[in-house]
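Below is one structure; the comments refer to it alone.
FYI, it's all coordinate maths here, none of it is from the lab. Every value quoted in this text rests on a predicted model; they were computed, and no experiment measured them. Cβ atoms come from the backbone with ideal geometry, glycine included; neighbour counts cover every protein chain shown.
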Amino acid sequence: NAGVMQNPRHLVRRRGQEARLRCSPMKGHSHVYWYRQLPEEGLKFMVYLQKENIIDESGMPKERFSAEFPKEGPSILRIQQVVRGDSAAYFCASSPRPIETGVGEQFFGPGTRLTVL
Amino acid sequence: ILNVEQSPQSLHVQEGDSTNFTCSFPSSNFYALHWYRWETAKSPEALFVMTLNGDEKKKGRISATLNTKEGYSYLYIKGSQPEDSATYLCASGGATNKLIFGTGTLLAVQP
């Protein structure tokens, strides 16, 4: 049973380019979460998605960032017109449908390290 | 307390020592407290999820306690081993299931 998969593991972009980060949740998991770790900081929540729905995007920057989790295929975190400050490690986690609020275990992927030149 | 805070930031111990770390979190609107273990170059791995005041969980040499009234949790490691070296993260489970993480405690166990 494969764990959460993220690709690419490392991504280098020049300022102004687009970055697309992919996350394939564990089999049977329909809930995906994206977190970001900026240099010298902890993991910060970005967005929570179910299939075809954004449930909570309170941690997403207002501009240039978007996320989707289509009916088929992986979840995508998209960053348009990247800037140097977007350089970070982006982690995806997945869970089955939570039975109780805030309790469900989240399984993390290995992360994508984005470097903006 | 408005954020999830962890102390100490880092800890160096000798093999065989027992150690503990602290996680402080907002006690209002509490849902759950999660502990994760994060080894370098790997994914964070869940250790415990606790919900009730007074909860105690144990996995091998690692155990955790929870006080929801005062907003803190302790993680204990008995007889530390070099393979215990990792960053230990705590997180408060939020209303929409998002996790609010502390910055972690980096543990280094010297053989």
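Brief remarks on what is shown
- Pairs of C-alpha atoms in chain B farther apart than 19 Å represent 40 percent of all such pairs.
- GNM top mover of B:Lys58, B:Lys69, B:Lys42 - chain B, alpha-carbon springs below 10 Å: B:Lys42
- With θ taken as phi - 60° and the Karplus curve 6.51 cos²θ - 1.76 cosθ + 1.60 applied, the whole-hertz 3J(HN,Hα) list for region A:88-97 is 5, 9, 10, 10, 10, 10, 9, 8, x, 4 Hz, x standing for glycine and proline.
- Result for chain B in a Gaussian network model with C-alpha springs under 10 Å: among B:Thr40, B:Thr65, B:Thr51, the largest mean-square fluctuation is at B:Thr40.
- Residue (of A:Pro74, B:Cys90, A:Phe45) at the positive-pole extreme of the protein assembly as shown, dipole from beta-carbon charges: A:Pro74
- Proxy reagent accessibility, fewest Cβ within 10 Å first, across B:Met50, A:Met5: A:Met5, B:Met50
- Sorted largest first, extent of the protein assembly as shown alpha carbons per principal axis (Å): 49, 38, 37
- In region B:31-70, the convex hull through the Cα atoms has an average projected area of 3.4 nm², a quarter of its surface area.
- Amide H to amide H, with H built 1.01 Å from N, A:His31 comes under 5 Å of A:Ser95, counting only residues 5 or more places away or on other chains.
- Of the GluC sites (Glu not before Pro) in region A:1-81, those whose Cβ has at most 12 other Cβ within 10 Å and which sit in DSSP loop: A:Glu18, A:Glu40, A:Glu41, A:Glu52, A:Glu63, A:Glu72
- Here region A:67-111 is treated as a Stokes sphere of Kirkwood radius computed over C-alpha pairs; at 20 °C and 1.002 mPa s its diffusion coefficient rounds to 165 µm²/s.
- The local environment of B:His34, defined by Cβ-Cβ distances under 14 Å, has a net charge of 0 under the rule Lys, Arg +1 and Asp, Glu -1.
- Whole-Å distance, taken between Cα centres, linking region B:7-53 and region A:56-73: 28
- Kirkwood Rh and Cα Rg combined as Rg over Rh, evaluated for region A:1-51: 1.00
- Alpha-carbon Debye profile of chain A, log10 I(q)/I(0) at 0.10, 0.18 Å⁻¹: -0.27, -0.88
- DSSP-defined beta bridges in chain A - what % are antiparallel, rounded to 5: 90
- Surrounding net charge for B:Ser63, when Lys and Arg each add one and Asp and Glu each subtract one, Cβ distance under 9 Å: +4
- B:Leu106 sits among other residues whose Cβ lies under 13 Å from its own Cβ, and their net charge, with Lys and Arg +1 and Asp and Glu -1, is -2.
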